[in-house]
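Below is one structure; the comments refer to it alone.
The values are calculated or read from the model by the stated rules, or taken from the named source; none is laboratory data. These numbers come from a predicted model, not from an experiment. All Cβ positions, even for glycine, are placed from backbone atoms using ideal geometry, and neighbour counts span all protein chains on display. When the accessible area is computed, the model is the full protein with side chains, heavy atoms only, and any ligands, DNA or RNA have been set aside. Shrake-Rupley method; radii C 1.70, N 1.55, O 1.52, S 1.80 Å.
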Amino acid sequence: MKIIVGHTNLDLDCIGSMVLARYIFPDHKPVMSRLVHPSAKNLYNLYHYHLDFISSSDLKGENVERMVIVDTRSFSRVKEYFDLIENEVKDIEIYDHHASESSDFENAVVHEGNCGSNTTMIGMELIARRLSISHKDATIALTGIYADTGGFVHDTVCEDDFRVASYLLKNGAEIKLVNNFLKSLKEKYQ
């Protein structure tokens, strides 16, 4: 089995990253954490069937030959998956925009960047490959970018965040839905 996982307590950027990672790794199954961050529940509930994530409990006793980890490189944040897998996973690839963190996975291939969103990193790979994506996936991914960049106002925002946002809009992302998913994240000052 080949899988895509994100950190425990999936947030919007993590879900967006997993959705885009499926285009790079179409033979991998995305795995749902047992916890979803409160800010991501509305999006997850609306797109539950579209996302088609398998449950983390489905990993129990499975032999996983390859794992792609998004939005973290910390073992403690993905431990829930390793606790269920039968074997030691030797082939691990990581996409993480937290460039200042060190990796707990010594032999993993690590892709890192200094951008506001992890979804942006993976989106840049899709742009480089000239891939088109569904409007639903574009909406999910754009929500992840908006959430992790604070609507493009955080200090970590970079040019690539805007480039990928534009790419997602060209692929049919629905900004009205993005705004609805982010209402719970807005502070009074925003």
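When the range 47-101 is examined, which residues are found to be within 19 Å of the chain's Cα centre (by Cα) and in a loop (DSSP other than H, G, I, E, B)?
Asp52, Phe53, Asp71, Thr72, Arg73, Ser74, Val78, His97, His98, Ala99, Ser100, Glu101
In the range 102-116, which residues are of a type outside the set (Asp, Glu) and assigned to a strand (DSSP E or B)?
Within the range 102-116, Val109, Val110, His111 qualify.
Per-residue answers, yes or no, for (1) at pLDDT 95 or above; (2) not basic (Lys, Arg):
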{"position": "Lys2", "(1), (2)": "yes, no"}
{"position": "Val5", "(1), (2)": "yes, yes"}
{"position": "Gly16", "(1), (2)": "yes, yes"}
{"position": "Leu20", "(1), (2)": "yes, yes"}
{"position": "Asp27", "(1), (2)": "yes, yes"}
{"position": "His37", "(1), (2)": "no, yes"}
{"position": "Lys41", "(1), (2)": "no, no"}
{"position": "His48", "(1), (2)": "no, yes"}
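Residues to consider are Pro38, Pro26; find the one that is out of contact with any Phe, Trp or Tyr (no Cβ under 9 Å at 6 or more places or on another chain) and within 25 Å of Gly150 (Cβ to Cβ).
Residue meeting the stated conditions: Pro38.
Can you name every residue in the range 94-121 that is in contact (Cβ under 8 Å) with a residue 60 or more places away in the chain and out of contact with any Gly (no Cβ under 8 Å at 6 or more places or on another chain)?
Tyr95 - this is the single residue of the range 94-121 that is in contact (Cβ under 8 Å) with a residue 60 or more places away in the chain and out of contact with any Gly (no Cβ under 8 Å at 6 or more places or on another chain).
Among (1) modelled with pLDDT of 95 or more; (2) open to solvent by 30 Å² or more (accessible area, probe 1.4 Å); (3) not in a helix (DSSP H, G or I), which single condition is Asp155 missing?
(1)
If you go through the range 1-31 one residue at a time, how many are under 11 Å from the mean Cα position of the chain (by Cα), open to solvent by 10 Å² or more (accessible area, probe 1.4 Å) and under 16 Å from Val78 (Cα atoms)?
Number satisfying all stated conditions: 1.
Out of the range 58-73, which residues are touching a strand residue (DSSP E or B) at 6+ places or on another chain (Cβ under 9 Å) and either under 25 Å from Gly113 (Cα atoms) or of a type outside the set (D, E, K, R) (or both)?
Leu59, Val64, Arg66, Met67, Val68, Ile69, Val70, Asp71, Thr72, Arg73
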